[in-house]
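Working notes, beginning with the structure itself.
The values are calculated or read from the model by the stated rules, or taken from the named source; none is laboratory data. Predicted, not measured: the structure shown is a model, and the values here were computed from it. A quick note on method: Cβ atoms are made from the backbone with ideal geometry, for glycine too, and the neighbour counts reach across all protein chains shown.
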Amino acid sequence: MSKISEKIRYVGVNDLKKSIFEGMWPLPFGVSYNSYLVIDEKVALIDTAEAGFAAEYMDNIRRELGDRKVDYLVVNHMEPDHSSLMKLVREAWPDVRVVANAKTVPMIKGYYGITDNIHIVKEGDSICLGNSNLTFYMAPMVHWPETMVTWFGEEKTLFSGDAFGTFGALEGGVTDSSARLTGSTDHADSTFSAFRDEMRRYYSNIVGKYGQTVQAALKKLSGLEIERICSTHGPVWEKNIPEVVGYYDRLSRYEAEKGVCIAYASMYGNTSAAAKALAAELEKRGVPHVLHNLCTESVSYAYSDVFKYNTLVVGAPTYNNDIFPPAYNFMYGVSARLVKNRRFAAFGSFTWAGVSVKLLNEMASRLGFDMISEGISFPQAYSPEKCDMAALADRIAAAL
Ligand code: FEO
């Protein structure tokens, strides 16, 4: 399971214990923290893993290396799910030289108190392991300022950090010839299709704001003849590289497929009834759609579908003369992700003064969304007479 090639070994771990990633994002299928060894006359370790997996992680490395030592620790990314075991690696092999760029150095000091034996690299620099060379390219804001990627040219392998990563622990193997999404009952026809939804959820939840810098990184890397991508999360991509890179390209351009994400929040069921009525009308018209209740489910899934579909419809009652907070928070997150090129409509109930639709429209307008309608703000209880979802569904279908 750990052998990617003669020189590249997988030493990462699966996390099936944590239910929420970064304190926000559900992990129904777990997550993997991928780390790799490149073994030549010298040995390089690429990134580490999360703090709770110290023993398993160190066992994985020692199983591959036996009595040999790690010479270099390459730090592509400092987020603690990949850097937490850096100090332990230093303790196990005190001479290990940390390879990092200048932006990483203060983070290493601040998180782990390490200040010595650091080899600072800049764009295009390389280290030589014997017959293998590792070259470093900066990928700032994908999705932290210090992020870089490592290119192992002799094997046309890109160690990409979080880029091209997915949620989901790995079962059956680690490459896309063998890996399965742990716990999934979906019988997908390829590893890419099995992991695609968890890739989009990871991208939209965590990287989504940085479409522009992801595009810059993709452009920079487009000259490399990549035959293998070793990300820090999810499968090692070998067979599905065009699909994976193409999907990342589309996500970071905010390109979406035809369909509707209905995200709603409801206090007493009236806005909810309107949301369900809209879903039923879209169903009748054969328009692909999903319905997300922002009061009862994690916003993680709604963000993922905002990145999937080209139309967003948000439902929220008026609350404290404002947008009902679960829907406001959701739209705040859509705004924070700088989502572009969407069609938009809003609806919601009120009791004595309706402002939520107007305010939702203003948030959408600031993002440059195309307004499908002026929205539907209806008083008190939902009824088809007060809230004409058939007419809205007609407009949505026409705008698709
Ligand atoms: Fe998987 Fe940005 O850390």
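For the stretch 150-181, the set of residues classified as of a type in the set (S, T, N, Q) and either away from the ligand (no atom under 16 Å from the Cβ) or free of Cβ contacts under 8 Å to residues at least 24 places away in the same chain (or both) consists of Thr157, Thr175, Ser177, Ser178, listed by residue number.
The condition of being within 16 Å of the ligand (Cβ to nearest atom), surrounded by fewer than 16 Cβ atoms within 10 Å (Cβ to Cβ) and either of a type outside the set (Lys, Arg) or at negative phi (or both) holds for only one of Pro140, Pro145, that being Pro145. Considering only the stretch 30-56, state which residues are surrounded by 24 or more Cβ atoms within 10 Å (Cβ to Cβ), touching a residue at least 40 places away in the same chain (Cβ under 8 Å) and outside any strand (DSSP E or B). The answer is Asn34, Ser35, Asp47, Thr48. Looking across the stretch 226-249, just one residue is within 16 Å of the ligand (Cβ to nearest atom), assigned to a loop (DSSP other than H, G, I, E, B) and of a type in the set (Val, Ile, Thr), and that is Thr232. Taking Val214 as the residue in question, decide whether it is within 14 Å of the chain's Cα centre (by Cα), in a helix (DSSP H, G or I), more than 15 Å from the ligand (Cβ to nearest atom) and of a type in the set (Val, Ile, Thr). Criteria not met by Val214. Listed by first and then second residue, the pairs with beta-carbon distance under 6 Å, at least 6 apart or on different chains, first residue in the stretch 204-233 and closer than 27 Å to Gly12 by Cα, second within 14 Å of the ligand (Cβ to nearest atom) and in a helix (DSSP H, G or I), are Thr232/His82.
Of the residues making up the stretch 76-107, those that are without any contact (Cβ under 8 Å) to a residue 60 or more places away in the chain, within 16 Å of the ligand (Cβ to nearest atom) and within 23 Å of Cys128 (Cβ to Cβ) are Met86, Ala100, Asn101, Thr104. In summary, Ala49 fulfils each of the numbered conditions (1) more than 16 Å from the ligand (Cβ to nearest atom); (2) in contact with a strand residue (DSSP E or B) (Cβ under 9 Å, 6 or more places away or on another chain); (3) among the aliphatic types (A, V, I, L, M) with the single exception of condition (1).
Here is a list: Asn76, Asn131. Which entry is crowded, with 20+ Cβ neighbours inside 10 Å and of a type in the set (S, T, N, Q)? Going through Asn76, Asn131 in turn, just one is crowded, with 20+ Cβ neighbours inside 10 Å and of a type in the set (S, T, N, Q): Asn76. In a residue-by-residue description of the stretch 183-191, the property of being touching a residue at least 12 places away in the same chain (Cβ under 8 Å), within 30 Å of Glu281 (Cβ to Cβ) and part of a helix (DSSP H, G or I) applies to no position. From the list Gly286, Gly315, the lone residue that is at pLDDT 95 or above and surrounded by fewer than 23 Cβ atoms within 10 Å (Cβ to Cβ) is Gly286.
Out of everything in the stretch 6-29 that is aliphatic (A, V, I, L, M) and assigned to a strand (DSSP E or B), what residue ends up being nearest to Thr157 (Cα to Cα)? By that ranking, first place goes to Ile8.
Within the stretch 191-243, the residues that satisfy the criterion of being acidic (Asp, Glu), within 24 Å of Asp47 (Cα to Cα) and surrounded by fewer than 22 Cβ atoms within 10 Å (Cβ to Cβ) are Glu225, Glu227, Glu238. The residue pairs whose first member lies in the stretch 133-149 and is at pLDDT 95 or above, whose second member is of a type in the set (Lys, Arg), and whose beta carbons are closer than 6 Å, counting only pairs six or more residues apart or on different chains, are Pro145/Lys103; Glu146/Lys103.
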